[in-house]
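The values are calculated or read from the model by the stated rules, or taken from the named source; none is laboratory data. Given the structure is predicted, the values throughout are model-derived calculations rather than measurements. Cβ placement follows ideal geometry from the backbone for every residue including glycine, while neighbour counts extend to all protein chains displayed.
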């Protein structure tokens, strides 16, 4: 089917000329302001057909009319970039790359009347376009395929990234959300890092000559070091109260008290606590009965961590499971980490083991029906415990808003106790530099002690009458 239409507005005046043609069962359309442009496009299509060229089923164009050699649309290029990185990337890294490229995609989308809704575009990219496994290994819904094909035809060339206006727009996309608010510094840095790496890949593909970000200093990048909000870190009384509140929850609560206890007393990341196995208990001393106090006494224990299972969602992992089995953070495949923990956690672990035992695979913390504890289960339990243990006024603050704040509290407690920072860093799985930048958050009790020392040096407590009003 070949057709050239004249399009009129309500006043019966010519507004554009549209060429329609069909490749197999798909109808393609292209509009032009001038008749000569439209007729030239139609003539080129007919010439390609007479020459026996095979028309592309996605763009509807013959090879002679596709983008010149050495050029790609931004969407096609980023699709190739994701495919290149996918095999060796962790599930969480795959997700990070996809989200970063989705943030900058609007900069490269041409304006057009038939542009899909922005939310639909983001969903199509997140679920399919930037997911190599699903795009190549599953039946893609027709509406999603239509959106991605539209992006392939209607995103700017990779070469456009060197345009000053595009660079300015990229800076805004990297540093600000769609509502205009600034991204957190960590999000902006990750997005710029992915974009920078993608453009380096464009150089390898000979699509551009140089990385334009190398010579551009973005003054709008959010400032600020990585650090813990001190208000979020619970002190020992608050932490113990929250752990007890978890244990008092119905159903899953008793299973989770020691799970959260491992984050607080041993400073484990959630993905490390989830993966704990019987073999990781390198030392769990038996309780000893004390005749004088008529109670059991517990001693220090030790984990030997081997791996972590960060949550990414089944669409991003190789196994389809929501968690991806990975080496410990900042460590090699076979590099473990010893973590000592105090008697408080030894007591919780013995109670947990005697009540629930181990999973069939030796897993320490299991869901009610076996297997790993779902992230949604423990996050809901933590919210419920926080609601039960804290007043409404305190709930409105950042105090222990996330389970991860228990790890912050663990590191801060050891630092406040005067433990050598190098030892704390090794136990927490960090360098000393990262530890002092991120985790050196001292508890309120430590600050109170410092104030007391200052008062002691001053030599007295001020006393007297209030001044006259």
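Here residue 169 meets the list (1) without any contact (Cβ under 8 Å) to a residue 24 or more places away in the chain; (2) part of a helix (DSSP H, G or I) almost entirely, failing just condition (1).
A single entry from 226, 251 fulfils the requirement of being part of a loop (DSSP other than H, G, I, E, B), in contact with a helix residue (DSSP H, G or I) (Cβ under 6 Å, 6 or more places away or on another chain) and surrounded by fewer than 21 Cβ atoms within 10 Å (Cβ to Cβ): 226. If you go through segment 391-435 and pick out every residue that is in contact (Cβ under 8 Å) with a residue 24 or more places away in the chain, assigned to a loop (DSSP other than H, G, I, E, B) and farther than 26 Å from residue 327 by Cα, you end up with 5.
Among the residues making up segment 318-356, a single one is touching a helix residue (DSSP H, G or I) at 6+ places or on another chain (Cβ under 6 Å), assigned to a loop (DSSP other than H, G, I, E, B) and either buried (at least 19 other Cβ atoms within 10 Å of the Cβ) or without any contact (Cβ under 8 Å) to a residue 40 or more places away in the chain (or both): 324. Please work out if residue 267 is surrounded by 15 or more Cβ atoms within 10 Å (Cβ to Cβ), farther than 20 Å from residue 354 by Cβ and touching a residue at least 12 places away in the same chain (Cβ under 8 Å). Yes.
Buried (at least 16 other Cβ atoms within 10 Å of the Cβ) and either farther than 27 Å from residue 79 by Cβ or in contact with a helix residue (DSSP H, G or I) (Cβ under 8 Å, 6 or more places away or on another chain) (or both): is that true of residue 220 in this structure? Taking the combined requirement at face value, the residue does not satisfy it.
Does segment 68-79 hold any residues that are surrounded by fewer than 16 Cβ atoms within 10 Å (Cβ to Cβ) and either modelled with pLDDT of 95 or more or in contact with a strand residue (DSSP E or B) (Cβ under 7 Å, 6 or more places away or on another chain) (or both), and which are they? Give the derivation first.
At the first step, the residues of segment 68-79 found to be surrounded by fewer than 16 Cβ atoms within 10 Å (Cβ to Cβ) are 68-71.
71, the sole residue that qualifies.
When we screen 140, 97, 84 for residues that are under 27 Å from residue 320 (Cβ atoms), assigned to a loop (DSSP other than H, G, I, E, B), in contact with a helix residue (DSSP H, G or I) (Cβ under 7 Å, 6 or more places away or on another chain) and not assigned by TED's automatic domain parsing to the domain that holds residue 317, the only hit is 140. Checked against (1) over 30 Å from residue 226 (Cα atoms); (2) not in a helix (DSSP H, G or I), residue 180 passes all but condition (1). Test residue 216 against the stated conditions and say whether it is over 21 Å from residue 407 (Cβ atoms) and modelled with pLDDT under 95. So residue 216 fits the description; yes. Residues in segment 93-118 that are over 15 Å from residue 73 (Cα atoms) and modelled with pLDDT under 95: 112, 113, 114, 115, 116, 117, 118.
Within segment 281-301, is there a residue that is in contact with a helix residue (DSSP H, G or I) (Cβ under 9 Å, 6 or more places away or on another chain) and more than 21 Å from residue 344 (Cα to Cα)? No, segment 281-301 has no match at all. Of all residues in segment 229-248, those satisfying the criterion of being under 27 Å from the mean Cα position of the chain (by Cα) and surrounded by fewer than 16 Cβ atoms within 10 Å (Cβ to Cβ) are 229, 230, 231.
Among the numbered conditions (1) in a helix (DSSP H, G or I); (2) surrounded by 19 or more Cβ atoms within 10 Å (Cβ to Cβ); (3) at pLDDT 80 or above; (4) touching a strand residue (DSSP E or B) at 6+ places or on another chain (Cβ under 8 Å), the only one that residue 38 does not meet is (3).
In segment 239-264, the residues that are on the phi > 0 side of the Ramachandran plot form no Cβ pair under 7 Å with any partner that is part of a helix (DSSP H, G or I) and modelled with pLDDT of 95 or more, whether six or more places apart or across chains. Among the conditions (1) surrounded by 13 or more Cβ atoms within 10 Å (Cβ to Cβ); (2) part of a helix (DSSP H, G or I); (3) within 26 Å of the chain's Cα centre (by Cα), the only one that residue 376 does not satisfy is (1). Before we move on, is residue 233 at pLDDT below 95 and within 21 Å of residue 397 (Cα to Cα)? Against the criterion (at pLDDT below 95 and within 21 Å of residue 397 (Cα to Cα)), residue 233 qualifies. Every condition in (1) outside any loop (DSSP other than H, G, I, E, B); (2) over 24 Å from residue 341 (Cα atoms) holds for residue 209 except the one numbered (1).
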